[in-house]
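The values are calculated or read from the model by the stated rules, or taken from the named source; none is laboratory data. It should be emphasised that the depicted structure is a prediction, and the values quoted were computed from it without experimental measurement. Positions of Cβ are backbone-derived with ideal geometry, glycine not excepted, and every protein chain shown enters the neighbour counts. Each accessible area value is taken on the protein alone, full model and side chains, heavy atoms only, with ligands, DNA and RNA left out. Shrake-Rupley method; radii C 1.70, N 1.55, O 1.52, S 1.80 Å.
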Amino acid sequence: MKIVLIGYGKMGKEIERIALSRGHQIVAKIDIDNPNDLLGLSNQEVDVAIEFSNPQSAYTNILICLEKQIPIVCGTTGWLEKKAEVESLTKKYDSTFFYASNYSIGVNLFFALNKHLAKLMAPHNQYDIYTNEIHHTEKKDSPSGTAITIAEGIMSAFPAKDSWVNNEIPQNNEVAIWSQRESTKPGTHTVKYISKVDQIEITHEAFSREGFALGAVIAAEWVKDKKGVLGMGDMLKLD
């Protein structure tokens, strides 16, 4: 495939390495120094865009790709207040938008496990729910998009919980997300159910960025020639 990389930081470079190793071509690299170069590309010369930039520029990058009908695989978090608008525009332009807060195959299996556990735990109100996320200090958003997805998964299966709070003591209807930043942690997410007599815990720990980058490239391969709003649940057949 012919891929344009939008965002050429550590993740962009790891995606490039994996894409090249799988036989793909990087036709352009869009970063802070050349954002307008994206405007000059067309869907005749690009099969798919992989977007890992920053919360300030992600929305604009997505809109450009949608208008040009360049399928876009987006992993940038921190801009999701505009996600409903993006999904509407995807349909308007008959384009392709693939979003995941986390592209690790393991994390997305963890999302499914988290929902199932929440469904099992919902009748047992003697348990308090605690979620924790640890990331590297360069991560710009807090809580992480992955942590929000985990909280939303709990809320979807646990009727007593209808919102989440970050780094605050939760009310009875809230899921607590506790965020930590440590110098070298690629990403660790934990969900705990704690009662007076026992504790149930599930954890996903990433050892490097490679799993995230590989998942993004696999998503780009899968999304080619597809239309609409898509995600890891569609690709992995988890929904």
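Some notes on this structure:
- Packing-based ranking of 153-164, 198-209 yields 153-164, 198-209, ordered from highest to lowest mean Cβ neighbour count within 10 Å.
- The translational diffusion coefficient of the chain, from Stokes-Einstein at 20 °C and 1.002 mPa s with a Kirkwood hydrodynamic radius over alpha carbon pairs, comes to 115 µm²/s.
- In terms of Cα atoms, the Rg and Dmax of the stretch 157-239 work out to 17.2, 53 Å.
- Pairwise centroid distance, computed over Cα atoms, of the stretch 186-226 with the stretch 70-146, Å: 10
- For the stretch 30-82, Kirkwood radius (reciprocal of mean inverse C-alpha pair distance, Å): 11.3
- Nonlocal amide H pairs with residue 30, under 5 Å, H built at 1.01 Å: 5, 6, 7
- Computed from phi, the 3J(HN,Hα) profile of the stretch 32-41 under the Karplus parametrisation 6.51, -1.76, 1.60 (θ = phi - 60°) reads 4, 7, 9, x, 6, 5, 4, 5, x, 8 Hz, with x in place of Gly and Pro.
- Gaussian network model of the chain, Cα within-10 Å springs - most flexible of 76, 60, 146: 60
- Phi angles across the stretch 127-134 convert, under the Karplus curve 6.51 cos²θ - 1.76 cosθ + 1.60 with θ = phi - 60°, into 3J(HN,Hα) values of 9, 8, 9, 9, 10, 9, 9, 10 Hz, Gly and Pro given as x.
- Pair-distance profile P(r), taking every C-alpha pair of the stretch 1-129, with 10 angstrom steps and integer %: 12, 38, 29, 12, 7, 1
- Cβ-defined net charge surrounding residue 67, 14 Å radius [Lys, Arg +1; Asp, Glu -1]: +1
- Most mobile listed residue (138, 210, 67) in the chain, GNM with C-alpha springs under 10 Å: 138
- The stretch 96-141: equivalent-ellipsoid semi-axes (sqrt of 5 x gyration tensor eigenvalues, Cα, Å): 26, 17, 9
- Ligands, DNA and RNA left out, the 1.4 Å accessible surface of the chain is 50% carbon and sulfur atoms.
- Among 34-44, 177-187, 227-237, the peptide with the highest mean count of other Cβ atoms within 10 Å heads the list, and the full ranking is 227-237, 177-187, 34-44.
- Å² per residue, accessible surface of the chain at 1.4 Å: 49
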